[in-house]
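Here the structure is laid out as structure tokens; the discussion comes afterwards.
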Amino acid sequence: MNAPAPLSFHAVRSWIGGAPVAGGADVIPVIDPASGDTVGELFEADAAEVDAAVQAARRAFDDGPWPRLPVPERQRILRAIADAIDANTEELARLETLHTGMPISQIKGMHIPRAALNFRFFAEYVGQMAGTSHTDVPGVITYVTRQPIGVAALVAPWNVPLGLGMMKTAAALAFGCTVVLKPSEMTPLTFPIVARLMRKAGLPDGAFNLVNGRGHVTGKALTEHPGIDCISFTGGTETGRAIGMAAAKAIKPATMELGGKSANIVFADADLDKAVEGSLLAAFAGNGQQCLAGSRILLQREIADAFTERFVARVKALKIGHPMAPDTFLGPIQNAGHMGRILSFVERAKADGCEILTGGGRAPGFATGNYIEPILARAPDNGRIICQEEIFGPFATLMTFDTGEDAVRMANDSAFGLVGYVWSQDISKALSTAQALQTGVVWVNTPMTRELRAPFGGWKESGVGREGGASCAALYTQEKTVTIRL
Ligand code: NAD
């Protein structure tokens, strides 16, 4: 497909106290990964602008109506935001595709509906919350309530910008917090639109504030600001380490959703058709740029050859194309630097004794853009660099195991612990494997089924804390115990 006509040039500014602001001194280009063209510019928020955003959120929390609204009224506004996102799906999906390079079918089918669903889900959730009471100590009754913690600092990555940014925003707002959100500087285009939609839906000014800019400038100023009360971060492990240290120093609660190197274990008794298709999605959906990618595919020896033959054919057949084309499965890598890093692992893998089964270079037929062929490698064991480092792209590695114990040992031999995938038709084998995996989430015979009611997050270097219904309540509210003499 020919590239569609360029969308209008976008100027991305901060949104503070219910209005866009003039914008900081430094201007950062926003690049379309399919063409390399500059499609927008971002006026970077410096420390003073971040301070203005935090002050606006502070006022809205300390004196404004949002935390004091009756829950049904809060719910009504959250549902109206969800409806507004749905009603603007076309525009939001085009922009999200433009700056991420993710296929529009996935953006429209999953990411934008998910952004809206977050508001509906948390609206319902807060309507069902209840405190507890205790009467065990004679002569007194004790009750426990939850109250919103205050100003939430939210920092989001570039791979699922709106879906993840709005998950944090919806949860924080639903529990009565006010928000300062910093999206990735590489994917900021949809957020000013959503800010306007929220205001139109009735969200009071100052409840949602947006600051844009690079991590070491805007992100650092936000996460180290004394006026915030908690931090929710999704991004890389090294960034999480820095933000976690700032949070610890300030004694502020923080959740960290970080990187992954998830194992996808296929037992010999798996339904092979479903395992092949599911593993393909787990490794390559979202251009493989997913924290939860099942990028280490562990195959039981009996089916390793049959699986490999079919899997290589399926990977070779994945449709690489312009992200706006409806039949594209793999679009361009989000930025050129990241593409170079992904491709660098091809030579490093070979030097490390691994075999490249398919892919490994720029995709032919594209005059511009960060298009690469999906890469499938085979590693002799789990100690190789491509089995240990998060590559965060369309790069998966096959390995072979003999027993379930071997598979679990290999899967757990990782600094990360985000997700585990298990494919088996033997229920006790699947469940005992799920039990043994050192990960925060396990998907059995299904790729990537996100349950918002349940906690999502990682063990080990994949994170601290969880997101989801009760987990978000734990971050965005504080408990208070009141004891009364009868
Ligand atoms: P990143 O860590 O480079 O950036 C994430 C965000 O943090 C961006 O908004 C960035 O500007 C900001 N940032 C960077 N340095 C900062 C600093 N010093 N202080 C404050 N903010 C700072 O990550 P990325 O490249 O945008 O995203 C990819 C990473 O995110 C991968 O490692 C991926 O696994 C991870 N991720 C995790 C999850 C999860 O749920 N566990 C989900 C999506 C992505």
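The values are calculated or read from the model by the stated rules, or taken from the named source; none is laboratory data. Computed from a predicted structure; not experimentally measured. Cβ atoms come from the backbone with ideal geometry, glycine included; neighbour counts cover every protein chain shown. These accessible areas exclude ligands, DNA and RNA; they are computed on the full protein's heavy atoms, side chains included. Shrake-Rupley method; radii C 1.70, N 1.55, O 1.52, S 1.80 Å.
Can you tell me which residue within region 200-216, out of those that are surrounded by 18 or more Cβ atoms within 10 Å (Cβ to Cβ) and not in a loop (DSSP other than H, G, I, E, B), is nearest to the ligand (Cβ to nearest atom)?
My answer is Gly215.
Yes or no: Gly40 part of a loop (DSSP other than H, G, I, E, B), open to solvent by less than 50 Å² (accessible area, probe 1.4 Å) and not aromatic (Phe, Trp, Tyr)? Write out each step before concluding.
Numbers: part of a loop (DSSP other than H, G, I, E, B): no; open to solvent by less than 50 Å² (accessible area, probe 1.4 Å): yes; not aromatic (Phe, Trp, Tyr): yes.
Answer is no for this residue.
Among the listed residues Ala116, Ala82, identify the single one that is touching a Phe, Trp or Tyr at 6+ places or on another chain (Cβ under 6 Å) and within 21 Å of Ser471 (Cβ to Cβ).
On the way: Ala116 fails: touching a Phe, Trp or Tyr at 6+ places or on another chain (Cβ under 6 Å).
Only one candidate passes the filter, namely Ala82.
Is there a residue in region 295-307 that is part of a loop (DSSP other than H, G, I, E, B), buried (at least 22 other Cβ atoms within 10 Å of the Cβ) and out of contact with any Cys (no Cβ under 6 Å at 6 or more places or on another chain)?
So in region 295-307, the residues part of a loop (DSSP other than H, G, I, E, B) come out as 295.
Now narrow it down to the ones that are buried (at least 22 other Cβ atoms within 10 Å of the Cβ): 295.
Pick out the ones that are also out of contact with any Cys (no Cβ under 6 Å at 6 or more places or on another chain) and you get 295.
Yes, because at least one residue in region 295-307 is part of a loop (DSSP other than H, G, I, E, B), buried (at least 22 other Cβ atoms within 10 Å of the Cβ) and out of contact with any Cys (no Cβ under 6 Å at 6 or more places or on another chain).
Among residues belonging to region 236-264 that are of a type in the set (Gly, Ala, Ser) and in a strand (DSSP E or B), point out the one that is most open to solvent (accessible area, probe 1.4 Å).
Residues of region 236-264 of a type in the set (Gly, Ala, Ser): 236, 240, 242, 244, 246-248, 250, 254, 259-260, 262-263.
From what is left, the residues that are in a strand (DSSP E or B) are 254, 263.
On the way: Ala254: 28, Ala263: 5 Å².
Checking each candidate, the answer is Ala254.
Here is a yes/no grid of residues against (1) over 18 Å from Ala207 (Cα atoms); (2) part of a helix (DSSP H, G or I):
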residue: Arg59; (1), (2): no, yes
residue: Arg74; (1), (2): no, yes
residue: Ala82; (1), (2): no, yes
residue: Leu92; (1), (2): yes, yes
residue: Thr97; (1), (2): yes, yes
residue: Met102; (1), (2): yes, no
residue: Ile107; (1), (2): yes, yes
residue: Arg114; (1), (2): yes, yes
residue: Phe119; (1), (2): no, yes
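Is it true that Leu330 is touching a strand residue (DSSP E or B) at 6+ places or on another chain (Cβ under 6 Å) and either open to solvent by less than 40 Å² (accessible area, probe 1.4 Å) or away from the ligand (no atom under 16 Å from the Cβ) (or both)? Explain how you work it out, then say what you get.
Details: touching a strand residue (DSSP E or B) at 6+ places or on another chain (Cβ under 6 Å): yes; either open to solvent by less than 40 Å² (accessible area, probe 1.4 Å) or away from the ligand (no atom under 16 Å from the Cβ) (or both): yes.
Yes; evaluated as a whole, the condition is true for this residue.
Please find, within region 217-254, the residue that is nearest to the ligand (Cβ to nearest atom) out of those that are of a type in the set (Gly, Ala, Ser) and free of Cβ contacts under 8 Å to residues at least 40 places away in the same chain. Steps first, answer last, please.
From region 217-254, those of a type in the set (Gly, Ala, Ser) are 219, 221, 227, 232, 235-236, 240, 242, 244, 246-248, 250, 254; that's our starting set.
Of the ones still in play, those that are also free of Cβ contacts under 8 Å to residues at least 40 places away in the same chain are 242, 246-248, 250.
Details: Ala242: 5, Ala246: 8, Ala247: 11, Ala248: 14, Ala250: 13 Å.
Only one residue fits best here, namely Ala242.
Quick one: which strands (runs of 3 or more DSSP E) lie wholly within region 366-465 and hold at least 1 residues that are of a type in the set (A, V, I, L, M, F, W, C) and over 28 Å from Lys350 (Cβ atoms)?
Numbers: elements: 375-378, 395-401, 419-423, 441-444.
Result: 419-423, 441-444.
Assuming Ser414 fulfils every condition listed in (1) touching a strand residue (DSSP E or B) at 6+ places or on another chain (Cβ under 9 Å); (2) modelled with pLDDT under 95 apart from one, which condition is it?
Checking Ser414 against (1) touching a strand residue (DSSP E or B) at 6+ places or on another chain (Cβ under 9 Å); (2) modelled with pLDDT under 95, the one that fails is (2).
What's the total number of residues in region 266-293 that are without any contact (Cβ under 8 Å) to a residue 40 or more places away in the chain, under 25 Å from Gly321 (Cα atoms) and among the hydrophobic types (A, V, I, L, M, F, W, C)?
The total comes to 2.
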